[in-house]
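The values are calculated or read from the model by the stated rules, or taken from the named source; none is laboratory data. This one's a predicted model, so the numbers in the text were calculated from it and none came from an experiment. Cβ: placed from backbone, ideal geometry, glycine included. Neighbour counts: every protein chain shown. Surface areas here come from the heavy atoms of the whole protein model, side chains and all, with no ligands, DNA or RNA. Shrake-Rupley method; radii C 1.70, N 1.55, O 1.52, S 1.80 Å.
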Amino acid sequence: MAESVVFEFTEAEKAEIQKHVAKYPDRKSAVMPALWIAQEKFGWLSPEAMELVASTLDMPYAQVYGVASFYTMYFKKKVPKYLFDICTCFTCGECGGDQIFKHAQNSLQVDENGHSADGKFWIRQAECLAACDTGPVMQIANRRIVHNLTPAKFDQTVDMLRRDQMPAFEPVAPKYDQASPAAKAAPEPEKVQETPPPAPEVISDSSEEE
Amino acid sequence: MENWRNYTKVLIPDIPNLNQIDVYQKNGGYEQLKEVLTSGKWNPKSVTDEVKAANIRGRGGAGFNAGLKWSFMPPKVEGLPRYLACNGDESEPGTFKDRRIFMFNPHLFIEGATIACYAMQMDAAYVYMRGEFADWIDKFQEAVDQAYAKGMLGKNIMGSGFDLDIFVHKGGGAYICGEETSLMESLEGKRPYPRSKPPFPAQFGLWGKPTTINNIETLANVPLVIKNGAKWWSSIGAPAHPGPVLYGLSGHINRPGVYEYPTGMKITDMIYEVGGGMRNNKKLKAVSPGGSSCPLLTAEMVHGGLTMDADSLRTVGSVMGTSGLCVLDEDTDMVKFSYRIAKFYDHESCGQCTPCREGTGWFVKILRKFVENRGETKDLDLLLELCDTMEGRTVCALADATAWPIRSALIHFRSEFEARIVSKASFATA
Ligand SMILES: Cc1cc2nc3c(=O)[nH]c(=O)nc-3n(C[C@H](O)[C@H](O)[C@H](O)COP(=O)(O)O)c2cc1C
Ligand code: SF4
Ligand code: FES
């Protein structure tokens with residue numbers, strides 16, 4: 001029997017929302033923080049959850065929906081526990097992000113929605129996550145960024161999450177951040193050779209944003 | 001720029017735990033705020049004038065003089081609130097510098113934002129951070145809490161009578177929210193469609209009130225200007241586009257990262273010295289100088305001595321953007337690269353304007369044909385026509401930001417596109 005969910009905020013959650021309301025001159029401006037709290041609580045933003053946010057902030061449901069539906073990080077469908085936002089954008093795409101995405105598709109045996117066979121994971125291609133220097137990267141469940149991904153590091157991360165262990169925060173210490181300028185002069189200008197056209201690529205658009 | 005090798009970092013100096021307020025204060029932090037608020041030497045106008053004289057050209061992409069922007073604020077009217085919006089959306093592909101400030105020197109930014117609010121007599125500052133910064137949002141909030149605890153924020157700061165609140169707002173994952181008016185709509189709790197301008201934010205900004213918006217790095221420079229003077233600050237780097245800058249280096253190089261150096265760095269120095277050279281000793285093919293919106297540079301241009309400042313990049317039709325350099329080697333497939341850029345903008349277009357909503361989709365469709373070696377000769381003209389219909393015809397600059405890199409790829413790497421056109425023979429019979 002399906003568990004019935006009660007769509008109410010606890011007193012603590014209400015107080016948390018009030019704290020956000022107090023930041024803005026207009027109550028409705030707290031809609032994004034309130035949606036974050038609702039998504040944290042219910043796992044995704046069902047119509048009932050959005051209705052609750054609307055009534056809590058005295059605003060029309062349509063406006064709440066209009067906001068929630070705009071952003072990729074708000075889930076408008078029930079989703080598996082761990083989302084992997086794998087960056088295949090700009091830099092990551094050129095630095096192995098596509099291969100990581102393919103690896104994830106295969107190793108998790110995802111369906112056309114990007115959901116893993118065991119129902120615990122969900123993958124999609126992410127746009128730039130502002131960590132291009134450590135690309136390829138991915139973000140787990142709207143939270144942790146995993147840097148310098150390799151297929152092996154991806155698999156290790158999956159293993160940890162199977163045991164519900166979130167990988168630790170990687171501060172990405174600025175270890176390279178200031179080059180001790182190695183006296184390596186720039187080479188003479190050279191003509192770049194034309195690269196021959198690569199083999200045609202079949203683009204799979206599955207498991208992207210709806 | 002010969003002496004860049006002796007440059008001493010001021011935005012992200014190598015001081016451990018600088019994100020802790022005690023460490024920051026021990027190293028002279030919040031002294032500039034104290035001087036501005038309590039020494040009696042400064043008033044709002046003189047702070048604005050000093051910042052204007054320094055010529056901090058906005059680090060968010062557009063490169064507009066920050067102090068000049070501040071001076072557009074209308075005179076303060078008692079009882080009418082006014083706001084500072086701090087743009088930490090950092091979603092431009094290839095850009096990852098503001099995160100370094102949030103992580104390693106958040107108090108420099110807080111101090112700068114507070115001085116800016118004093119100069120413009122603001123009632124509150126809102127820091128908009130992209131939702132994907134979840135971990136850094138928590139860390140930055142800690143820094144804000146520390147500043148409140150030490151009386152650097154809140155009521156009657158340092159006994160000066162000046163009050164200020166700084167609020168952190170978490171985004172939901174949408175590139176468009178980095179556009180200034182979209183950011184304001186998002187903060188207000190609306191669907192974040194960019195507004196048509198005019199009216200400009202100084203007249204009609206957050207909640208319809210006078211507002212100024214600046215990038216995080218722009219504001220982090222403010223205490224440095226106050227500390228050492230506009231003259232000192234503007235003597236760093238390229239004269240017409242001065243100052244310290246956080247360069248992002250990513251792509252096919254040995255040492256990607258965030259590097260602080262003066263503006264006007266030679267791109268070859270950035271790649272071969274700072275960045276440790278090309279990965280696997282490959283040859284350079286192209287550089288995107290400042291985020292995905294910038295027109296691309298060819299290896300010839302880069303080796304011709306281009307420097308990272310507006311004037312130098314303008315000579316080849318490009319811009320400094322967010323100074324995040326993406327370096328691409330000879331193996332890069334420029335067709336696929338362009339396709340991925342188009343896909344990004346197609347995903348991120350808010351859909352409000354027809355040329356942008358339809359145009360980004362068409363770019364994806366047509367470029368995909370080339371990726372799959374199904375391009376047709378007429379498509380190349382069609383792509384350029386699309387660029388024409390998108391530039392300068394929309395509510396915000398996202399449409400231009402799509403057209404610029406793609407146009408530059410079509411011009412500079414045309415042969416790669418031509419090589420992906422279905423062979424003439426099969427085309428003729430088709
Ligand atoms: C589509 C689009 C996205 C933008 N994204 C950002 C961003 O993520 N961060 C940022 O600081 N500025 C961004 N901007 C620029 C802002 O609109 C604005 O010019 C900037 O925040 C002003 O600050 P500055 O003058 O200090 O640079 C974007 C602009 C456009 C058109
Ligand atoms: S140009 Fe594009 S992103 Fe900007 S307002 Fe128009 S449709 Fe939206
Ligand atoms: S392109 Fe992947 S983090 Fe920027």
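When accessible surface is computed with a 1.4 Å probe, chains B and A are found to bury approximately 6900 Å² between them, both chains counted.
Using all pairs of distinct alpha-carbon atoms, the Kirkwood hydrodynamic radius of segment B:140-192 works out to 12.9 angstrom.
Neighbouring Cβ atoms from other chains, within 10 Å of the Cβ of residues in B:247-254, number 4 on average.
Find the Cα radius of gyration of chain B, compare it with 2.2 N^0.38 Å by division, and give the number to two decimals. Display every interim value, and only then the final one.
Values: Rg = 22.5 Å, N = 430, 2.2 N^0.38 = 22.0 Å.
Against the compact-globule rule of thumb, the ratio is 1.02.
Probing with 1.4 Å while keeping every protein chain in the model, the per residue accessible area of chain B equals 34 Å².
Of the residues in segment B:184-226, those shielded by at least 10 Å² of accessible area once partner protein chains are present, compared with the chain alone at a 1.4 Å probe, are B:186, B:187, B:188, B:189, B:190, B:191, B:192, B:207. Checking buried surface per residue: for segment B:61-104, which residues lose a minimum of 30 Å² accessible area in the protein assembly relative to the chain alone (1.4 Å probe)? Buried by 30 Å² or more upon assembly, which counts only protein chains, are B:93, B:96, B:99, B:100, B:103, B:104.
Using the alpha-carbon atoms, what tilt in degrees (0 to 90, nearest 10) does helix B:44-54 show relative to the longest principal axis of chain B? It is inclined by approximately 40 degrees.
The 1.4 Å probe gives accessible areas that order A:163, B:368, B:414, largest first, as A:163, B:414, B:368. Annotation for segment B:307-395: GluC sites (Glu not before Pro) lying in DSSP loop with at most 11 further Cβ atoms inside 10 Å of their Cβ do not exist. What you get for the protein assembly as shown, charging only the Cβ of Lys and Arg (+1) and of Asp and Glu (-1), is a dipole of about 900 debye around the Cα centre. If you wrap the tightest convex hull around every Cα atom of segment B:241-329 and split its volume per residue, you get 71 Å³.
Taking beta carbons within 10 Å but only from partner chains, what does the mean come to for residues A:82-88?
Average neighbour count from other chains, rounded to a whole number: 1.
Just check segment B:119-214 against the gyration tensor rule for me: Cα atoms, a ≥ b ≥ c as the square roots of the eigenvalues, rounded for a/c under 1.5, and otherwise prolate or oblate depending on whether a/b exceeds b/c. Oblate is the answer for segment B:119-214, as a/c is 1.5 or above yet b/c matches or exceeds a/b. Heavy-atom accessible area with a 1.4 Å probe sorts B:332, B:315, largest first, into B:315, B:332. In the distance distribution for the protein assembly as shown, Cα-Cα pairs more than 38 Å apart total 32 percent.
In chain B, the DSSP-assigned H stretches of four residues or longer account for a calculated mean residue ellipticity at 222 nm of -12000 deg cm²/dmol, using -39500 (n - 2.57) per stretch and the full residue count as denominator.
Taking all protein chains as they are arranged and a probe of 1.4 Å, the heavy atoms of residue B:42 leave approximately 50 Å² accessible to solvent. Loop-located trypsin sites (Lys or Arg not before Pro) across segment A:1-89 with a Cβ neighbour count of 10 or fewer within 10 Å are A:77, A:78, with loop assigned by DSSP. Once you've got the Cα coordinates, tell me which of A:77/B:343; A:28/B:45; B:76/B:197 are over 32 Å apart. Result: A:28/B:45 exceed 32 Å.
Annotation: segment B:287-430 has a Kirkwood hydrodynamic radius of 15.6 angstrom, from the mean reciprocal C-alpha pair distance.
Normalising the Debye intensity of segment B:7-91 to I(0), with uniform scatterers on Cα atoms only, and taking log10 at q = 0.10 Å⁻¹ returns -0.37. Peptide B:123-130 has a mean shielding of 1, counted as Cβ atoms of other protein chains within 10 Å of each residue's Cβ. Extension gain, residue B:228 to residue B:315, is 28.1 nm, computed as 0.36 nm per intervening residue step minus the present C-alpha separation. Taking 10 °C and 1.306 mPa s as conditions, segment A:11-70 diffuses translationally at an estimated 142 µm²/s according to Stokes-Einstein applied to its Kirkwood radius (Cα pairs). Each label point was placed 7 Å from the Cα along the Cα-to-Cβ direction; for residue A:42 and residue A:168 their separation is 3.7 nm. A 1.4 Å probe, protein heavy atoms only, puts the accessible area of residue B:287 near 0 Å².
How about segment B:1-84: which GluC sites (Glu not before Pro) there lie in a loop by DSSP and see at most 15 other Cβ atoms within 10 Å? Could the numbers behind the result be given before it?
Details: sites: B:2, B:31, B:35, B:50, B:78; in loops: B:78.
Those that pass, being in a loop and sparsely packed, are B:78.
Counting only Cα atoms, the size of segment A:82-164 along its three principal axes is 32, 24, 22 Å, in decreasing order.
Charges at C-beta only: +1 for Lys and Arg, -1 for Asp and Glu. How large is the resulting dipole of segment B:1-136 about its Cα centre, in Debye rounded to 20?
Values: 16 positive and 16 negative charges, 66 e Å.
My answer is approximately 320 debye.
If I compute solvent accessible area with a 1.4 Å probe over the protein chains, what percent of it on the protein assembly as shown is carbon and sulfur? Don't skip to the answer; put the middle values down first.
Details: 13190 of 24900 Å².
C and S atoms contribute 53 percent here.
For chain B, the longest principal axis of the Cα atoms and the long axis of helix B:222-234 meet at an angle of about 70 degrees.
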